[in-house]
1. With the structure loaded, tell me whether Ala188 is out of contact with any Leu (no Cβ under 7 Å at 6 or more places or on another chain), surrounded by 19 or more Cβ atoms within 10 Å (Cβ to Cβ) and closer than 26 Å to Asn50 by Cα or whether it fails that test.
2. Identify the residue in segment 326-348 that is more than 13 Å from Gly295 (Cβ to Cβ) and under 23 Å from the mean Cα position of the chain (by Cα) and, among all such residues, is modelled with the lowest pLDDT.
3. Residues that are among the hydroxyl-bearing types (Ser, Thr, Tyr) and either closer than 16 Å to Met26 by Cβ or assigned by TED's automatic domain parsing to the domain that holds Leu16 (or both), at least 1 per element: which helices (runs of 4 or more DSSP H) completely within segment 93-199 meet that?
4. Return the residue satisfying two criteria in turn: it lies in segment 420-443 and is outside any loop (DSSP other than H, G, I, E, B) and touching a strand residue (DSSP E or B) at 6+ places or on another chain (Cβ under 8 Å), and of such residues it is nearest to Lys204 (Cα to Cα).
5. Just name the residue that is surrounded by the fewest Cβ atoms within 10 Å (Cβ to Cβ) out of those in segment 434-447 that are in contact (Cβ under 8 Å) with a residue 24 or more places away in the chain and closer than 13 Å to Pro129 by Cα.
6. Could you say whether any residue in segment 143-150 is under 20 Å from Gly65 (Cα atoms), surrounded by fewer than 24 Cβ atoms within 10 Å (Cβ to Cβ) and either aromatic (Phe, Trp, Tyr) or touching a Cys at 6+ places or on another chain (Cβ under 9 Å) (or both)?
Amino acid sequence: MATLAETQAAIDQLLLVVATGFILLMQAGFALVETGSVRSKNSKNILIKNMFDCCAGAIAFWAVGFAFAFGQTGDQGRFIGNNGSYFFAADLNTDDGSNTWILWAFQFSFAATSATIVSGSLAERTMLPAYMLFSVLMTGFIYPVVVSWTWGGGWLGDGSNPNNWGFHDFAGTGIVHMVGGVAGFVGAAVIGPRHGKEKDQARKRNIKNEPEYEAILSDASLGSREDIENWLENLDNDKEFAGNSPPFVVVGTIILLVSWLFFNGGSTGSMFSDSTAQSTPKIIVVTILSGAAGGLSAAFLKTRVMGSYSEKNRYDVGSLCNGILAGLVSITGVCDRVDPWAAFLIGLLGGIIYVLSCKLLDILNIDDPIEASPVHGFCGIWGLIAVGIFDTEYGLISSNEQKGHFFGIQLLGCLIIVAWVAVLSLAFFLPAKALRMLRVPLIEEVIGLDIAEMGTQAKITAQEKIIQRRASISGFAGPAGKTQ
């Protein structure tokens, strides 16, 4: 018969198993939100990027990521993990009764979440191989190093090791979300805005100057020259960048909201907390409050701040959904040590920060189609600052004598993580751009990546169906030119 301690350990492991499943379900939520937010001609392309994050991310995390993140040995405090038995999960068995296998699965779900954030920022104009390579780099090195510094017992720490700095991020507002958001921001800045989103029209490229343009028009198997030319011209002049499916965005947001309760609540690792104030049920409550507050503030402010408000355009369902996500990101770092009133305020400000950061990106002409960097990057930064202010044990609102020092550590830790991710991301994206491996050709971007790279499109017109049928017969992937 199992002892009380064994029963409690089994229940704790069950919590992590269930939480892992729900966190991985966030991939479905992200897929729906991103698919609903892009134009239909890029739907399949964004979906395959999300699925690739899961597949390639799992292999990269298995090979090296987990060892880098949690392989700290000796006195710990190292730059990166180096436990040889963790590489390729060579030996995750332990003698102390802990279950490293469930730790691997739980932490992989976090790594996959961080990586998939980037796909939204680079949507609709990024070469698939380039994104695949960055996804592997993200899951196998960039993200694990940050985890090693913090949750893995490294020098920055999470307060559990007296030899580290005492940085605190309970469930990953900075470690997971800010890391993905910063990488997305850098990638979007380097790759440039989508065709037609350029503020300086002098920088807008002419599709007729592209070498593939004349080749397509000259191919009689695709239809008459006039039909193809009109079709391409209509696509080139299309200024509508609105997402193709608001229902997908809403359903995806609901899935993310439900999964987030396990993202934060499951991070306790136990259902038997010594303090009710830091228990899983309370964490779930403050998470809901923050998400709701973020959604409300963003819904009422977004159209006004962005200058799109009118009697016929007063509210935007996408802003409400992203505001909810902004509130959820904002509370994630301090959800274990925060009062409900503070959670409401954190989410409210998170929604405002999301809106203001969208305005900043608009001013800078940095095109983030899913607004992933405002939601995850900027609100992740706010989340780390919120820890330093609203943490009931060490924050500025507490009576702790070291609260000023703690707040400073949160700011410094935030800056260090941002710098690490930004430098590594630039080191990938800039050479990829210089080698013309980052952005798809203009013709493919105008036609849509579903046709150009995958030979079909989620929603197409009758004329496009005729062109696709002829293209398949002639050996073309689509009217973007010959199969690559």
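1. On the way: out of contact with any Leu (no Cβ under 7 Å at 6 or more places or on another chain): no; surrounded by 19 or more Cβ atoms within 10 Å (Cβ to Cβ): yes; closer than 26 Å to Asn50 by Cα: yes.
So Ala188 does not fit the description; no.
2. In the first step, residues of segment 326-348 are kept if they are more than 13 Å from Gly295 (Cβ to Cβ); the result is 332-343, 345-346.
From the residues that got through so far, the ones that are under 23 Å from the mean Cα position of the chain (by Cα) too are 332-336, 343, 346.
Values: Thr332: 98, Gly333: 97, Val334: 97, Cys335: 97, Asp336: 94, Ala343: 98, Ile346: 98.
Applying the filter and picking the extreme gives Asp336.
3. Working: elements: 100-121, 128-137, 143-149, 179-191.
It comes to 100-121, 128-137, 143-149.
4. Initial filter on segment 420-443 (outside any loop (DSSP other than H, G, I, E, B)): 420-434, 439, 442-443.
Applying the additional criterion that residues be touching a strand residue (DSSP E or B) at 6+ places or on another chain (Cβ under 8 Å) yields 433, 439, 443.
Values: Lys433: 17, Arg439: 15, Ile443: 13 Å.
Step by step, filter segment 420-443, then rank; the result is Ile443.
5. First, the residues of segment 434-447 that are in contact (Cβ under 8 Å) with a residue 24 or more places away in the chain: 437-447.
Remaining after also requiring closer than 13 Å to Pro129 by Cα: 437-440.
Numbers: Met437: 12, Leu438: 24, Arg439: 19, Val440: 20.
By that ranking, first place goes to Met437.
6. No: zero hits.
Here's the yes/no breakdown for (1) crowded, with 21+ Cβ neighbours inside 10 Å; (2) among the aromatic types (Phe, Trp, Tyr); (3) assigned to a loop (DSSP other than H, G, I, E, B):
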site	(1), (2), (3)
Thr7	no, no, no
Phe30	yes, yes, no
Asn42	yes, no, no
Asp91	no, no, yes
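Condition check ((1) under 27 Å from the mean Cα position of the chain (by Cα); (2) in a helix (DSSP H, G or I)) across all residues:
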site: Ile228; (1), (2): no, yes
site: Glu240; (1), (2): yes, no
site: Gly265; (1), (2): yes, yes
site: Ser270; (1), (2): yes, no
site: Gly291; (1), (2): yes, yes
site: Ser297; (1), (2): yes, yes
site: Phe300; (1), (2): yes, yes
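The values are calculated or read from the model by the stated rules, or taken from the named source; none is laboratory data. Fair warning: this is a prediction, and the values are worked out from it, not measured in the lab. Note that each Cβ is placed from the backbone with ideal geometry, even for glycine, and that neighbours are counted across all protein chains shown.
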